[in-house]
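The values are calculated or read from the model by the stated rules, or taken from the named source; none is laboratory data. In this text, all values refer to a predicted model and were calculated from it rather than measured experimentally. Here the Cβ positions follow ideal geometry from the backbone for every residue, glycine too, while neighbour counts run over all protein chains shown. Only protein heavy atoms, including side chains, enter the accessible area calculation; ligands, DNA and RNA are left aside. Shrake-Rupley method; radii C 1.70, N 1.55, O 1.52, S 1.80 Å.
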Amino acid sequence: MTAAADRFAVAPDEVGPGGRLRAVADDGTPAGPVETVTDLARAIADLETRRPRWIWAATDDLYPRLLDRVPVRLGRCHDLKLTEALLLGHEGRHRHPRSLGAAWARLRGLPVPDDAREGAADGQPSLFAADRHRLPPGADHLTAVVEVHADQLRRTTGVESPEAMRLLCAAESAGALAAVEMRLDGLPWSASVHDELLSSLLGPRPAAGARPEVLGRLAAEFSDALGRPVNPDSPAQVMSAFARIGVPLASTRSYVLREVTHPAAALLLRYKELSRIHSAHGWAWREQWVRDGRFRPEYVAGGVVSGRWATRGGGALQIPRPLRSAVVADPGHLLVVADAGQLEPRVLAAMSRDRAMADAAAGGDLYAGLAAAAFDGDRARAKIGLLAAMYGQTSGEAGQLVAVLRRRFPDAMELLEEAARTGEAGGMVRSRLGRTSPRPSAGDPEDEAGPFGDESGDASPALRAARAWGRFTRNFRVQASASDWALALLATLRLSLAGLGGDGGAAPARLVFFQHDEVVVHCPAGLADTVAEAVRDAGVRAGRLVFGPTPVRFPLDTRAVACYADAKDGA
């Protein structure tokens, strides 16, 4: 291998453990001959001592197979699939196929194949790898990797902020490495505690397909309260039964039911809460997702258009409060739980460079700072006003609070208004690092109205759609930039933790949970203080990487606990 190379293109064999490697230069051109190896995982592990950047079709496809053979954690990679998605989005081509085969076909002027269905190939042997990447028959995998990588480097150079886009691609790729590692390591999960919690909430474990005892009792009490048998799992039956007693419902959503004073509504709310736990995190869920004392979900890095992660089942990104006690560290270990409070408002202050808002955030509690500066110390009104501004509410009391914010924090409010105007006109907005919102034709917004509902009233369908997209782009720019920061935090922290172990396979502190504003590290108790300091340092470095010099701080509330619930008390 070329001694000075710090990038290697990788192509696994379709069958067997071997593969091929090729050194490439910083501009993506080949920098050495093709090397054929009989054990790809071992060859990569040996070269990892140079800390190169590995270039491959998709991390979620290849990295698990490498770790199955050689437990060496890799430092850096360039994920062609994730990078292609970012560049296509920047070019206004959201939802275009992003596989290696699709990118290579576009480069060659060939018909572009559709992407494989996400998750369709999970658990399949390596024989099916070529089909996942959608390369046409006869196409050489390694040649395609080298050529697509070079093309992506050229396209990155042509964007408005190449350095920012390079950082975003690197952070997204690092997130993909972390996602695979977190599934392998798993979140500690106590089956005995889980059983106790489920039994206390639902009663004894029922036979397959039957309702737990407590749900059965609540269903009977619900029917009695309405004066007739009603299936609480049937929205149509529920709405019809409430209408018969003079209580019309717009839907059976929880926020609607909370406004109903009839006692049946409280019973239904409790039934829905416990039914959700039973179906999403009950006994059957544990049999599918918890193995060897670890919850092992399949994370999808960049699974949401804003950059937040998703999962292919398992509900990993939202562990219900009643079940957090089941997340218990191993003996002699602790969980270091770090939560970035008020992340999106702080991102708004940093992006807009609104000095007054940055000053308001300096004391630690941004809402309290806003309250002191503009709302006579009323923190609740300050929070409502800022959330309304970020989600686009303009009527009622919230609209009046937004007007106050416009006067006191004009730069921050203009950033939001400009993003909304762009969305209403059908345009795209970008995060701090260049993640791009889709155009309206690419699909519906993820969250049209946010927590305040739709205010379009009697407007025409076209105007309602434009306003909805404006609300989406208004929040997208902040939410996606928060994802930029969180990914930079994750990438930085991951490398810091690897340095605690002495070699790539024996780091004693492991990332075991991540969502948009929170990380959890499982580590020996004696390392908890060191890990907590590494987490806080990663937060500072992420802020500097993403936003440059800024007075806005991104503090992480960091706690070392034996049980996850202890860190989330009051959250």
query = In terms of solvent-accessible area of protein heavy atoms at a 1.4 angstrom probe, what is the ranking of S352, S199, highest value first?
reply = S199, S352
note = Note: R559 to R108 extended length (0.36 nm per residue) minus current alpha-carbon separation gives 157.1 nm
task = Report the full-extension gain for the segment R51 to D26: residue separation times 0.36 nm, less the Cα-Cα distance, to one decimal in nm.
result = 7.5 nm
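First measure r as the distance between the Cβ atoms of A362 and A525, then evaluate 1/(1 + (r/R0)^6) with R0 = 35 Å and state the FRET efficiency to the nearest 0.05. Please report the intermediate quantities before stating the final value.
On the way: r = 34 Å, r/R0 = 0.97.
Efficiency at R0 = 35 Å is approximately 0.55.
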request  = Calculate the spin-label point distance for V404 paired with D537, positioning each point 7 Å from the Cα along the beta-carbon direction, and give it in nanometres.
outcome  = 4.2
task = Positive end of the charge dipole of the chain (Lys, Arg +1 and Asp, Glu -1 on Cβ, about the Cα centre): tell me which of P232, A208, T29 has its Cα farthest that way.
result = P232
HN-Hα J in Hz across segment 44-54 - Karplus 6.51, -1.76, 1.60, θ = phi - 60°, x for Gly and Pro = 5, 4, 5, 6, 4, 4, 7, 6, x, 9, 8
ask   = With every protein chain present, what accessible area does D115 have (1.4 Å probe, heavy atoms only), rounded to the nearest 10 Å²?
value = 50
note = Residues whose modelled amide H sits under 5 Å from the amide H of T311, counting only those 5 or more places away in sequence or on another chain, are V300
task = Count the net charge of all other residues whose Cβ sits under 12 Å from the Cβ of R166, scoring Lys and Arg as +1 and Asp and Glu as -1.
result = -1
task = Give the accessible area for L511 in Å² (nearest 10); use a 1.4 Å probe, count only protein heavy atoms, and leave out ligands, DNA and RNA.
result = 20
query = Using modelled amide H (1.01 Å from N, peptide plane; none on Pro or chain starts), what sits under 5 Å from the amide H of R439, excluding residues fewer than 5 places away?
reply = H94
remark   = Taking r as the C-beta separation of A243 and R464 and R0 as 22 Å, the FRET efficiency to the nearest 0.05 is 0.20
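Kindly identify segment 167-265 as rounded, prolate or oblate by the Cα gyration tensor criterion: order the square roots of the eigenvalues as a ≥ b ≥ c, call it rounded if a/c is under 1.5, otherwise compare a/b with b/c, prolate if a/b is larger, else oblate.
Values: a/c = 3.72, a/b = 1.74, b/c = 2.14.
Judged from the Cα gyration tensor, segment 167-265 comes out oblate (a/c at least 1.5, b/c at or above a/b).
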remark   = With 0.36 nm assigned to each residue of separation and the Cα-Cα distance removed, A284 to N231 gains 16.8 nm
query = Hey, rough spin-label estimate for R353 and T394, points 7 angstrom out along Cα→Cβ, what's it come to in nanometres?
reply = 2.8
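Just want to confirm a number: the relative contact order over the chain, from Cα pairs under 8 angstrom separated by 6+ residues, in percent.
On the way: 966 pairs, mean separation 84.2, N = 571.
So the answer I get is 15 percent.
Counting Lys +1, Arg +1, Asp -1, Glu -1, what net charge surrounds L40 among other residues with beta carbon under 9 Å of its beta carbon?
Details: positive: R20, R42, R65, R69; negative: D13, D39.
Net local charge, L40 excluded: +2.
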query = Just one of (i) 25.5, 80; (ii) 23.9, 72; (iii) 23.9, 79 is Rg and Dmax of the Cα atoms in Å calculated from these coordinates, so which is it?
reply = (i)
key: Per-pair calculated FRET efficiency, R0 = 30 Å: V34 and L184 via Cβ, rounded to 0.05   = 0.50
key: Probe 1.4 Å - accessible area at D557, Å² to nearest ten   = 80
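Relative contact order (percent) for segment 466-567, with alpha-carbon contacts under 8 angstrom and 6 or more residues of separation? Display every interim value, and only then the final one.
Values: 88 pairs, mean separation 23.3, N = 102.
Dividing the mean separation by the residue count of segment 466-567 yields 23 percent.
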query = Using the alpha-carbon centroid of each, what span in Å lies between segment 189-213 and segment 508-565?
reply = 33
note = Distance in Å, no decimals, from the C-alpha centre of segment 247-309 to the one of segment 341-367 is 32
